[in-house]
Each structure stands twice: as structure tokens, then as C-alpha cells.
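Enquirer: Pasting a structure here, questions to come.
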Amino acid sequence: MNILIVGRGAWGRAIAGVVERLQHRAVLVGHADEAWPADAVPDFVLIALPVQHVRETLAHFPSPGVPVLSLSKGLEIATGKRVSEIIAEVWGEPRVAALSGPTFASEIAAGLPAICTIAAEDEKVAKQFQAVLHQPSFRTYTTGDLIGVELGGALKNIYAIAGGACHGLNLGQNALAGLLTRCLAEMTRIGVHAGAKAETFAGLSGIGDLMLTATSVLSRNFRFGAMLAQGLKTDEILPQLGGVCEGLPTTRSVYLNSAIPADSKPIITHLHAVLYEDLPIEKAVKGLLSRAARDE
């Protein structure tokens, strides 16, 4: 089968390796390309782009007329939409799925084992992509909760910045564990409000991805938070990351989404104030720790 992968970055190249291990042909295209390769009629298309570039890049290409899998984790700032929604809008393609879970591109490229979830509203579509990708070193599960899987993958990038900041401030392991537990609770509230299933966030695309991304120096979002805690500014940090920090625009998107009540997202609200309103990070920590006592 011909698998077209839109995105030539580390994630796109890593997934190309996964596809090729199953003897499929992987063809990568980038955001600067203007047409599909003439010699590769696709059976499936995979999207591995920074989220803020997805809409513009897809507009360069005609609808492929085949099922599409999003590998991108984040929300569009201007609209707050998930990547599957953008794909459906731009290409008019209803056969859309999303892959998420604890997956660092460098480890996938090295052939190290990983486990993830493929979500689609149509079970048949999820199973099709599972057949294309599943192997001993890249185990895949399926679910019908597309909203939950996409939101878990997007929101954990925000909380990874918070985890990195906690590490950078030397607040200790107790604080980090407590913070991430409350991040999971906040993630679940936001997801359920958007129509996701609460149990999805207890799986690979929720707590699984959160545990990985919010605790490891391999995570650009974690490193961003750690450097932020050291007093560096955003424009000083970004050139040092070696790639996109999806948590930065996603924080903005979720904060601006008035459909999510402010009292449902206190961690995001405080982090947004640090990132976009020049609130000192120490004051954000104090603000979160000084909130009124309540039931868990």
C-alpha cells in the first residue's frame, strides 16, 4: 500500500519507518509542496504537521479521497478546533481518525516499543489504520472517542510546560505528582465538557501521554517549562528547543475558548498569565496553591 505522510519532520519520518517495517511504501510530502507525488496514488494519508500549519498546508492539496489519520497533537488558535475537524472542513473527508499516546518520535525511529491509541467515530476507519500500523514494537488500540483522544493529546502539551516549570523551580517530587494529578483532573473536566468520555483520559492518550510528556527532558514542552522557570523568555527559549512547542499555542487556544468555564481550567488560566500576560511564574505558583480548600 502507498501511505502518504504530510510532514517531513521527526514525527513524520518516525512514522514512515513504522509503515515501512510492515512492507508498505511511505511517501513524505511537506508544507512547501503543491501537489501529490504523481507516482504514488495513496491508499491512506497521515498528517504529521505542527497544528497551526495544518489548515494552510492541506489547502495546497486536493482532497485525496481516502481515509486520513491525524498524528498532530494540538488545537488551532483561531478556532479552537481539533485537527480532525480541520481535515473534515478543508478536504470534506468524513473518514478521519487520530493517533495519540505516549510516543516520542526519537524512540519510535529507533524501533523501541511504544503503545498508542487510534480513535475514529467510525470503528471501521480506526481498524483500517490499526491494520496499517500495528506491530510488536508499535502496539495500537482503538476507540470511538475521537474527541477525548484528540483533546488528551492536545492538553497534555500544556500540562507538560507546567511539569517542566515545577521541575525547574525545584518544587520537589511531591509537588510534581500533585500537580500532574490535578492536571489530569482538569484535563478530564475539559474533555467531558466538550463531549469526551471521562474514561478516555485514564488511558494511553490521557494519563499515559501526560506521564511521559510532563516528566521527561525529551519533551520540548517540558524543557520549555523548565527554562521558563529559570527566568528565560519565550523568544529566548524557542530557538533552543529544536522543534515546535505545541503547548504554547494550545494554552492560548484553550484559554480563549469561552465555551470552557474559567473555573474548570485554573492551571491553564495561571499558565496563560505567565506565558502571555507577564505574570511572574512564582506568583502563578502562589496563586494556585492559595486557592480555597474544596472537595476532591
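Enquirer: Among the candidates Leu212, Leu218, single out the residue that is among the aliphatic types (A, V, I, L, M), crowded, with 17+ Cβ neighbours inside 10 Å and out of contact with any His (no Cβ under 7 Å at 6 or more places or on another chain).
Expert: Leu212 is the lone residue from the list that is among the aliphatic types (A, V, I, L, M), crowded, with 17+ Cβ neighbours inside 10 Å and out of contact with any His (no Cβ under 7 Å at 6 or more places or on another chain).
Enquirer: While we're looking at this one, here's another question. In this structure, is Gly17 within 21 Å of the chain's Cα centre (by Cα) and over 30 Å from Gly80 (Cβ atoms)?
Expert: The answer is yes for Gly17.
Enquirer: OK, next. Checking His193 against (1) at pLDDT 95 or above; (2) open to solvent by 50 Å² or more (accessible area, probe 1.4 Å); (3) over 20 Å from Gly9 (Cβ atoms); (4) out of contact with any Leu (no Cβ under 7 Å at 6 or more places or on another chain), which test does it fail?
Expert: Exception for His193: condition (1).
Enquirer: With the requirement that a residue be without any contact (Cβ under 8 Å) to a residue 60 or more places away in the chain and either of a type in the set (Lys, Arg) or outside any loop (DSSP other than H, G, I, E, B) (or both), what does the range 6-23 give you?
Expert: Result: Val6, Arg8, Gly12, Ala16, Glu20.
Enquirer: Out of Thr250, Thr269, report the one residue that is among the polar types (S, T, N, Q), in a helix (DSSP H, G or I) and crowded, with 20+ Cβ neighbours inside 10 Å.
Expert: Result of the check over Thr250, Thr269: Thr250.
Enquirer: Give the range 133-150 a look and list any residue that's open to solvent by less than 10 Å² (accessible area, probe 1.4 Å) and among the small types (Gly, Ala, Ser), or say none.
Expert: Gly148
Enquirer: Which one is most open to solvent (accessible area, probe 1.4 Å) among residues in the range 280-296 that are more than 13 Å from Arg182 (Cα to Cα), aliphatic (A, V, I, L, M) and assigned to a helix (DSSP H, G or I)?
Expert: Val285
Enquirer: Being among the small types (Gly, Ala, Ser) and either touching a Cys at 6+ places or on another chain (Cβ under 6 Å) or touching a residue at least 60 places away in the same chain (Cβ under 8 Å) (or both) is the filter here; which residues of the range 207-226 pass it?
Expert: Within the range 207-226, Gly208, Ser216, Ser219, Gly225, Ala226 qualify.
Enquirer: Could you say whether any residue in the range 156-175 is on the phi < 0 side of the Ramachandran plot, aliphatic (A, V, I, L, M), in contact with a strand residue (DSSP E or B) (Cβ under 8 Å, 6 or more places away or on another chain) and surrounded by fewer than 22 Cβ atoms within 10 Å (Cβ to Cβ)?
Expert: Within the range 156-175, none of the residues are on the phi < 0 side of the Ramachandran plot, aliphatic (A, V, I, L, M), in contact with a strand residue (DSSP E or B) (Cβ under 8 Å, 6 or more places away or on another chain) and surrounded by fewer than 22 Cβ atoms within 10 Å (Cβ to Cβ).
Enquirer: Here are the criteria: (1) open to solvent by less than 20 Å² (accessible area, probe 1.4 Å); (2) within 24 Å of Val217 (Cα to Cα); (3) modelled with pLDDT under 95. Tell me which single one Phe61 does not satisfy.
Expert: Here Phe61 meets the rest and fails (2).
Enquirer: Return yes when Gln130 is open to solvent by 10 Å² or more (accessible area, probe 1.4 Å) and either of a type in the set (D, E, K, R) or in contact with a strand residue (DSSP E or B) (Cβ under 8 Å, 6 or more places away or on another chain) (or both) and no when it is not.
Expert: So Gln130 fits the description; yes.
Enquirer: If you take the residues of the range 37-58 that are among the hydrophobic types (A, V, I, L, M, F, W, C) and open to solvent by 10 Å² or more (accessible area, probe 1.4 Å), which of them is modelled with the lowest pLDDT?
Expert: That would be Ala38.
The values are calculated or read from the model by the stated rules, or taken from the named source; none is laboratory data. Every value quoted in this text rests on a predicted model; they were computed, and no experiment measured them. All Cβ positions, even for glycine, are placed from backbone atoms using ideal geometry, and neighbour counts span all protein chains on display. Quick note on the areas: whole protein, heavy atoms, side chains included, nothing else; ligands and nucleic acids left out. Shrake-Rupley method; radii C 1.70, N 1.55, O 1.52, S 1.80 Å.
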